[in-house]
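Asker: Dropping a structure here in structure tokens format, bear with me for questions.
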Amino acid sequence: MDNKFQTSFIPKRSLDDVGRVGIKTPRNVFSIIAIIMITISLLGAGGVFAYTYFINNKIKIAKEQVTVKEKQFNYGAIEDIVRVDKQLKVGESLLNNHTAISKLFSVLQDATLKNLRFTSFDFTYLSPNKVSLSMKGQARTFGAVARQAELFASASSTKQYFKDPLFTDLNLDEKGNVRFGFITTIDTRLITYTPQ
């Protein structure tokens, strides 16, 4: 037999003798930057995941706390407080919009002459901020009516509240007394309720 042919596929020599074949990795600036950026990206993604988990956990804890606090509410007391609040607001509105003409009567009493009297009284809202006052009256003389007109025009109590006071329809009745009409617009502060 001829020994030229080798029938075994098992090598007779060690493979360590054969030179190592390897891939050389380039070590330049771009590859180092790329490795750093990939590392930062992976760390950032891990951070975002951890932060999301942390936030979701905090939300879950907060929801549990809200549920516990809701169970502690006394809804009956809250409804009572809301009802009382509404009643107080209605009461405040009524007081703020309440008409109190007692101050008007006091002003008229203080500013009316003793020899003159009013026989009728008409009080009309022309608008929310404008009120008309018309009265009819009697005096002994025309001079008393003239003095009353001067007093209404000059007295501080009437001057600040009576706007454009006017005496009209001056005439004598069958007994010789002077009949007259009085018309003015009054400031709503005079008839608005104010607590004392």
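Asker: Exposure proxy check: Ile36, Ile183 ranked by fewest other beta carbons within 10 Å?
Answerer: Numbers: Ile36 10, Ile183 15.
Least to most surrounded, the residues fall as Ile36, Ile183.
Asker: Rounded to whole Å and ordered largest first, report the semi-axes of the equivalent ellipsoid of the stretch 47-141 derived from its Cα gyration tensor (root of 5λ).
Answerer: Details: eigenvalues 952, 52, 19 Å².
They are 69, 16, 10 Å, listed largest first.
Asker: If you don't mind, another one. Is there a pair in Lys114/Lys136; Lys63/Lys86; Lys114/Lys163; Lys86/Lys130; Lys69/Lys89 whose C-alpha atoms are over 20 Å apart, and which pairs would that be? The partial results should precede the final answer.
Answerer: On the way: Lys114/Lys136 16 Å; Lys63/Lys86 31 Å; Lys114/Lys163 23 Å; Lys86/Lys130 29 Å; Lys69/Lys89 29 Å.
Checking Cα-Cα distances, Lys63/Lys86; Lys114/Lys163; Lys86/Lys130; Lys69/Lys89 exceed 20 Å.
Read the figures in this text as sums done on the coordinates, not as results from a lab. Model, not experiment: these values are computed from the prediction. Glycine also receives a Cβ, built like all others from the backbone with ideal geometry; neighbour counts cover every protein chain displayed.
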